[in-house]
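**Student:** Quick one: this structure, given as structure tokens, is what I'll be asking you about.
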Amino acid sequence: MSITVIIIIAFTIALVVGPLMWLRPTPRDRQLERLRSHARSRGLNISIREIPDPDPRPQDRVSSGGKLLQPSLNVALYQLPLRLPGSIEARHAPDWEVIRLRHDVRSEVEEEMSAGLLPGWRFSRPGLPLIETVVGRLSQALATAPRGTAKVEGDAATVGLYWHERGAEDEVDAIGDLLESLRLLQLEVSETAAREDARQRRLAEDPDA
């Protein structure tokens, strides 16, 4: 077999095998698939989001030329459906969001928005009742948030956690447990709001009742 034929065969094999090598999943791809498969087995929904960086570093806010920047993050949103009962309307469910700070030093605004939360967190959308029992339970849940958590939120449809997907299945279990505790808190707060709304309507219809 001539050297020319050998070169042609080797080149042909390279053309066929090369693209297949590019298609092989990387260790990071396999890690993400394990995490997401485990999350789905726990009833969590996952989507990839680009979000504004909730707590950018000062050097990320302005370019070297002095131009204002809008830094963003690419993260995975892990969500657990809320499943409001028929007796509770969507408007009774609080819409809230807390962000994880990169530093423990708080400005006056951050101190006010922390509302008694676990250090290192603050409200960016404080829709929850800011009472000690509610904020305390939220703080207990946030204390279990895995490394790489950017923010946590709740609304009438879901509770969710934005995550950089670092770690192993244990972190997914921590997220699942955290979101389940927040789902129960969200349902209790929604039920309380619905009962208070019904009481106010009864008073409006019959002030002497």
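**Student:** Name the one entry in ALA204, ALA174, ALA150 that is in a helix (DSSP H, G or I) and either in contact (Cβ under 8 Å) with a residue 60 or more places away in the chain or loosely packed, with under 13 Cβ neighbours inside 10 Å (or both).
**Tutor:** Unique residue meeting the criteria: ALA204.
**Student:** Specify the residue that is farthest from ASN74 (Cα to Cα); the eligible residues are those in the range 177-201 that are crowded, with 16+ Cβ neighbours inside 10 Å and of a type in the set (A, V, I, L, M, F, W, C).
**Tutor:** Among them, the one singled out is ALA194.
**Student:** Given the options ARG137, ARG122, ARG147, name the one that is under 13 Å from the mean Cα position of the chain (by Cα) and either modelled with pLDDT under 95 or over 19 Å from ASN45 (Cα atoms) (or both). Before the answer, list the steps.
**Tutor:** Values: ARG137 fails: under 13 Å from the mean Cα position of the chain (by Cα); ARG122 fails: under 13 Å from the mean Cα position of the chain (by Cα).
Selected residue: ARG147, the only one of ARG137, ARG122, ARG147 that is under 13 Å from the mean Cα position of the chain (by Cα) and either modelled with pLDDT under 95 or over 19 Å from ASN45 (Cα atoms) (or both).
**Student:** Is it fair to say LEU184 is farther than 22 Å from ARG49 by Cβ, of a type outside the set (Asp, Glu) and in a helix (DSSP H, G or I)?
**Tutor:** Yes: the conditions hold for LEU184.
**Student:** Counting just the residues of the range 76-86 that are of a type outside the set (Phe, Trp, Tyr) and not in a loop (DSSP other than H, G, I, E, B), which one comes out farthest from ARG166 (Cα to Cα)?
**Tutor:** Filtering first and then ranking leaves PRO81.
**Student:** Continuing with this model, one more query. Given the criterion of a type in the set (Lys, Arg) and closer than 21 Å to SER190 by Cα, identify the matching residue among ARG137, ARG166, ARG147.
**Tutor:** Details: ARG166 fails: closer than 21 Å to SER190 by Cα; ARG147 fails: closer than 21 Å to SER190 by Cα.
Of the residues listed, the single one that is of a type in the set (Lys, Arg) and closer than 21 Å to SER190 by Cα is ARG137.
**Student:** Please enumerate the residues belonging to the range 26-75 that are assigned to a helix (DSSP H, G or I), modelled with pLDDT of 90 or more and in contact with a strand residue (DSSP E or B) (Cβ under 9 Å, 6 or more places away or on another chain).
**Tutor:** The answer is LEU35, ARG36, ALA39, ARG40.
**Student:** Sticking with this structure for a sec: Which pairs turn up if I take residues in the range 183-194 that are without any contact (Cβ under 8 Å) to a residue 60 or more places away in the chain and look for partners that are crowded, with 17+ Cβ neighbours inside 10 Å and among the acidic types (Asp, Glu) with beta carbon separation below 7 Å, at least 6 apart in sequence or on another chain?
**Tutor:** Short answer, once both residue conditions are applied: none.
**Student:** Can I ask one more? Exactly one condition in (1) within 30 Å of GLN31 (Cα to Cα); (2) modelled with pLDDT under 95; (3) among the acidic types (Asp, Glu) is false for GLU196; which is it?
**Tutor:** (1)
**Student:** For the range 87-108, check the following and say yes or no: at least one residue is modelled with pLDDT under 85 and either within 20 Å of ARG183 (Cβ to Cβ) or assigned to a helix (DSSP H, G or I) (or both).
**Tutor:** Yes: the range 87-108 contains one or more residues that are modelled with pLDDT under 85 and either within 20 Å of ARG183 (Cβ to Cβ) or assigned to a helix (DSSP H, G or I) (or both).
The values are calculated or read from the model by the stated rules, or taken from the named source; none is laboratory data. The model shown is predicted, which means the values in this text are computed figures rather than measured ones. Cβ coordinates were reconstructed from backbone atoms using ideal geometry, including for glycine residues, and neighbour counts include every protein chain displayed.
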